[in-house]
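So the structure is just underneath, and the comments pick up after that.
The values are calculated or read from the model by the stated rules, or taken from the named source; none is laboratory data. Please read all numbers here as calculations on a predicted model, not as lab measurements. Quick reminder, even Gly has a Cβ in these numbers, built from the backbone with ideal geometry, and neighbours come from all protein chains shown. Please note that ligands, DNA and RNA were not included when accessible areas were found on the heavy atoms of the full protein model with its side chains. Shrake-Rupley method; radii C 1.70, N 1.55, O 1.52, S 1.80 Å.
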Amino acid sequence: QFLFVVTFTTFLLCCVEYDVLFANRPLNHSHAGGAAADRAKVTLPDAVLPAPQCAQRIRASGWIIFLLVMAAAFWLYRLVKVLCSLLSYWEIRTFYIKALNIPSEELCNHSWQEVQARLISLQRRQQMCVHKRELTELDIYHRILRFKNYTVAMVNKSLLPVRFRLPLLGPVVFLTQGLKYNLELLLFWGPGSLFQNKWSLRPQCKRAGARQELARRLARAMVLLGVANLLLCPCVLVWQLLYAFFSYAEVIKREPGSLGARRWSLYGRHYLRHFNELNHELRARLSRGYKPATKYMNSFTSPLLTVLAKNIGFFAGSILAVLIVLTVYDEDVLTVQHILTAITLLGLVVTLARSFIPDEHTVWCPEQLLQRVLAHVHYMPDHWQGNASRSETRGEMAQLFQYKAVFILEELLSPILTPFILIFALPARALDIVDFFRNFTVEVVGVGDICSFAQLDVRNHGNPQWLSAGQTEASVYQQAENGKTELSLMHFAITNPRWQPPPPSELFLSHLKEKVQRDAAAAPPARHILAEGPLGASLFS
């Protein structure tokens, strides 16, 4: 795709004669016999310059040569990465076939739990991990999700500067793929990062006496990386614009309403992710919550916006209908300049206007809808409880579940805004980040350095609001927010039923099961619960 976008864009800039294409300049075409004749229609080959003339135009433009050299260097870097990945994938394939006895054609028939069970059994027989006789399910998750768990913990503790308050817009969240890539480069795998390799933190990061020096070095690295991003901003911005245009232009033309569809934001995926939750587990959970979340967000309507959308749709639809009737009556209407453009734009306006008109049969039940969302996403700030109908709650939900148009806009703005976040906002957090890695890193035999939150230890990181008295010793600084330790523990125990949790965590799970059984036994029948709400009342009326 990268190669195609660069080649095609260069061709459009240097190899097309637009005066001929737009018929601003007539062409004389000679037939084989030598007679000259003017043709009324211009074909595509007529508008394409010969190869020598095209090459001359490219050589004459210094900017295009510079951008092509940058693109070639980036493409070679990506090519090397792909080749290294292919070698790694080949090793994984061989391991599955020879060690786990899972042929490639049968891989789709095995669940992750089955693969994991074979891996644990293989460790007992061959001891691949030499430092540990037996691997547990948690050890495997720690190896796969080492860096992910750190990132989830930093988002949970509000350590990363991704929340901003802007004039007119109010509180906003900004976390894009570009900013995430730069953060990972700084903290995990870049030159001079806090990790010296894929499994071990640098020794000086574990010493309290070196925190100030480490913070200064990290802050300096943030500023230098921000300056590098600023210098590369034009190239990255051009690429983002071109890639977005080629990716979404046809989709927008075919389905203009697709921009009004929603998706879980990158920040939302980190905020809602459990500790020790694999990508496919997170994807499945959020996919189950997609429809309830969409219904909840669509339940908020603006009467003024609805009236405006209906009228705009009516006016645009009327003009569009007349143009369509005229083209059916006489196809020569299509030869009128810009008539096709007008029909296309009017169609887009009608479709967009319809997307703002709510379904007249929608039942207003925000509390029930938000509870259905919570059943899948598992996390909800305390102040949302009982306030599902408030616009503030919807605004905070929109930070987790954003419009696709907002996602595209954020990614386009990322090359411009990311350097300023790296230069001005992030260095102020350098000392807090260094302290976080020192205080919340533990070394596990056979696994390496991991985030201590990922151990799912309610005694060290539990929240008193979720636990009985005396079950946790965690201070406010040590405890995870919004019950993430407890919810992650529950999720991991359900996903991996053979896993043996540590005694404090096992005690919490046993107390929880007892409470659920008591609540279930004392709960009224489902019919009575349903009948209390407006939806249930209408169903049973």
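When you scan segment 440-470, how many residues do you find that are in contact (Cβ under 8 Å) with a residue 40 or more places away in the chain and in a loop (DSSP other than H, G, I, E, B)?
The number of residues fulfilling the criteria is 9.
Yes/no matrix, rows are residues, columns are (1) modelled with pLDDT under 95; (2) surrounded by fewer than 13 Cβ atoms within 10 Å (Cβ to Cβ):
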site	(1), (2)
Tyr248	yes, no
Ser258	yes, no
Leu266	no, no
His270	no, no
His274	no, no
Asn279	no, yes
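Taking the options Trp189, Trp239, name whichever one is in contact with a strand residue (DSSP E or B) (Cβ under 8 Å, 6 or more places away or on another chain) and either buried (at least 16 other Cβ atoms within 10 Å of the Cβ) or not acidic (Asp, Glu) (or both). First the steps, then the outcome.
Values: Trp239 fails: in contact with a strand residue (DSSP E or B) (Cβ under 8 Å, 6 or more places away or on another chain).
Criteria check complete, one pass: Trp189.
Within segment 388-439, track down each residue that is assigned to a loop (DSSP other than H, G, I, E, B), at pLDDT below 95 and not small (Gly, Ala, Ser). Let's see the steps before the verdict.
Quick first cut of segment 388-439, residues assigned to a loop (DSSP other than H, G, I, E, B) only: 388-390, 426.
Checking the rest, the ones that are also at pLDDT below 95 come to 388-390.
Scanning segment 388-439 gives a single hit, Arg390.
Identify all residues within segment 386-431 that are more than 20 Å from Tyr248 (Cβ to Cβ), β-branched (Val, Ile, Thr) and under 21 Å from the mean Cα position of the chain (by Cα); write none if there are none.
Result: Thr418, Ile421.
Is it the case, given these coordinates, that Tyr379 is open to solvent by 20 Å² or more (accessible area, probe 1.4 Å), of a type in the set (Phe, Trp, Tyr), closer than 22 Å to Asn298 by Cβ and in contact with a helix residue (DSSP H, G or I) (Cβ under 9 Å, 6 or more places away or on another chain)? Steps first, please.
Details: open to solvent by 20 Å² or more (accessible area, probe 1.4 Å): no; of a type in the set (Phe, Trp, Tyr): yes; closer than 22 Å to Asn298 by Cβ: yes; in contact with a helix residue (DSSP H, G or I) (Cβ under 9 Å, 6 or more places away or on another chain): yes.
Considered against the rule, which asks whether it is open to solvent by 20 Å² or more (accessible area, probe 1.4 Å), of a type in the set (Phe, Trp, Tyr), closer than 22 Å to Asn298 by Cβ and in contact with a helix residue (DSSP H, G or I) (Cβ under 9 Å, 6 or more places away or on another chain), Tyr379 comes out as no.
Looking at segment 254-268, which of its residues are in contact with a helix residue (DSSP H, G or I) (Cβ under 7 Å, 6 or more places away or on another chain) and not hydrophobic (A, V, I, L, M, F, W, C)?
Pro256, Gly257, Ser258, Gly260, Arg262, Arg263, Ser265, Tyr267, Gly268
Among the residues of segment 173-191, how many are modelled with pLDDT under 95 and touching a Leu at 6+ places or on another chain (Cβ under 7 Å)? Give the steps one after another, and end with the answer.
We begin by selecting, within segment 173-191, every residue modelled with pLDDT under 95; these are 189-191.
When the remaining residues are screened for being touching a Leu at 6+ places or on another chain (Cβ under 7 Å), the result is none.
The total comes to 0.
Within segment 66-73, is there a residue that is open to solvent by 60 Å² or more (accessible area, probe 1.4 Å) and in contact with a strand residue (DSSP E or B) (Cβ under 7 Å, 6 or more places away or on another chain)?
no
Tell me yes or no: at least one residue of segment 316-334 is of a type in the set (Gly, Ala, Ser), not assigned by the TED database to the domain that holds Gln479 and not in a helix (DSSP H, G or I).
No, there is no match, as no residue in segment 316-334 is of a type in the set (Gly, Ala, Ser), not assigned by the TED database to the domain that holds Gln479 and not in a helix (DSSP H, G or I).
Any chance segment 254-266 includes a residue that's assigned to a helix (DSSP H, G or I), in contact with a Lys or Arg (Cβ under 6 Å, 6 or more places away or on another chain) and in contact (Cβ under 8 Å) with a residue 40 or more places away in the chain? Quick ask: steps written out before the conclusion?
So in segment 254-266, the residues assigned to a helix (DSSP H, G or I) come out as 254, 256-260, 266.
Filter again for in contact with a Lys or Arg (Cβ under 6 Å, 6 or more places away or on another chain), leaving 259.
Still in the running and in contact (Cβ under 8 Å) with a residue 40 or more places away in the chain: 259.
Scanning segment 254-266, I find at least one residue that is assigned to a helix (DSSP H, G or I), in contact with a Lys or Arg (Cβ under 6 Å, 6 or more places away or on another chain) and in contact (Cβ under 8 Å) with a residue 40 or more places away in the chain, so the answer is yes.
If the requirement is being open to solvent by 50 Å² or more (accessible area, probe 1.4 Å), under 23 Å from Gly448 (Cα atoms), over 19 Å from the mean Cα position of the chain (by Cα) and modelled with pLDDT of 90 or more, which of these qualifies: Arg202, Arg217?
Details: Arg217 fails: under 23 Å from Gly448 (Cα atoms).
The unique qualifying residue is Arg202.
Only residues that are of a type in the set (Asp, Glu) and open to solvent by less than 100 Å² (accessible area, probe 1.4 Å): list them for segment 82-138, please. Show your work before the answer.
Step one: list which residues in segment 82-138 are of a type in the set (Asp, Glu), which gives 91, 105-106, 114, 134, 137.
Selection gives Glu106, Glu114, Glu134, Glu137.
Applying the selection to segment 12-25, what residues are surrounded by fewer than 12 Cβ atoms within 10 Å (Cβ to Cβ) and modelled with pLDDT under 85?
Of everything in segment 12-25, those that are surrounded by fewer than 12 Cβ atoms within 10 Å (Cβ to Cβ) and modelled with pLDDT under 85 turn out to be Phe22, Asn24, Arg25.
Which of the residues belonging to segment 335-373 are within 17 Å of Leu320 (Cβ to Cβ) and either charged (D, E, K, R) or not in a helix (DSSP H, G or I) (or both)?
Step one: of segment 335-373, the residues within 17 Å of Leu320 (Cβ to Cβ) are 336, 338-355, 357.
Selection gives Val336, His338, Arg354, Ile357.
Can you report the number of residues in segment 344-370 which are open to solvent by 70 Å² or more (accessible area, probe 1.4 Å) and out of contact with any helix residue (DSSP H, G or I) (no Cβ under 9 Å at 6 or more places or on another chain)?
2
Of the residues that sit in segment 410-456 and are under 30 Å from Ile120 (Cβ atoms) and of a type in the set (Val, Ile, Thr), which one is most open to solvent (accessible area, probe 1.4 Å)? First the steps, then the outcome.
Step one: list which residues in segment 410-456 are under 30 Å from Ile120 (Cβ atoms), which gives 437, 440-456.
Of the ones still in play, those that are also of a type in the set (Val, Ile, Thr) are 441-442, 444-445, 447, 450.
On the way: Thr441: 27, Val442: 44, Val444: 26, Val445: 93, Val447: 8, Ile450: 3 Å².
So the residue we want is Val445.
Check segment 303-310 and report whether any residue there is more than 43 Å from the chain's Cα centre (by Cα), modelled with pLDDT of 85 or more and not hydrophobic (A, V, I, L, M, F, W, C). First the steps, then the outcome.
Quick first cut of segment 303-310, residues more than 43 Å from the chain's Cα centre (by Cα) only: none.
No, that holds for no residue.
Are any residues in segment 26-50 open to solvent by 80 Å² or more (accessible area, probe 1.4 Å) and modelled with pLDDT of 80 or more, and if so, which ones? Reasoning before the result, please.
Taking segment 26-50 as the starting set, the residues that turn out to be open to solvent by 80 Å² or more (accessible area, probe 1.4 Å) are 26, 28, 30-33, 36, 38-41, 44-45.
Those that are open to solvent by 80 Å² or more (accessible area, probe 1.4 Å) and modelled with pLDDT of 80 or more: Leu44, Pro45.
Just checking, how many residues over segment 302-335 are open to solvent by 80 Å² or more (accessible area, probe 1.4 Å) and hydroxyl-bearing (Ser, Thr, Tyr)?
The total comes to 2.
Is there a residue in segment 283-293 that is in a helix (DSSP H, G or I), among the small types (Gly, Ala, Ser) and open to solvent by 50 Å² or more (accessible area, probe 1.4 Å)?
If we filter segment 283-293 for residues that are in a helix (DSSP H, G or I), which is where we start, we get 283-288, 290-293.
Then drop every residue that is not among the small types (Gly, Ala, Ser), which leaves 284, 287, 293.
Okay, now just the ones that are also open to solvent by 50 Å² or more (accessible area, probe 1.4 Å), so 287.
Yes: one or more hits.
Looking for something under 30 Å from Ala284 (Cα atoms), outside any helix (DSSP H, G or I), modelled with pLDDT of 75 or more and open to solvent by 80 Å² or more (accessible area, probe 1.4 Å) - is there at least one such residue anywhere in segment 499-522?
Within segment 499-522 (the criterion being under 30 Å from Ala284 (Cα atoms), outside any helix (DSSP H, G or I), modelled with pLDDT of 75 or more and open to solvent by 80 Å² or more (accessible area, probe 1.4 Å)), the answer is yes, since at least one residue qualifies.
Would you confirm, using the coordinates I've provided, whether Glu277 is of a type in the set (Asp, Glu) and either in a helix (DSSP H, G or I) or out of contact with any helix residue (DSSP H, G or I) (no Cβ under 9 Å at 6 or more places or on another chain) (or both)? Can you show your working first?
Details: of a type in the set (Asp, Glu): yes; either in a helix (DSSP H, G or I) or out of contact with any helix residue (DSSP H, G or I) (no Cβ under 9 Å at 6 or more places or on another chain) (or both): no.
Criteria not met by Glu277.
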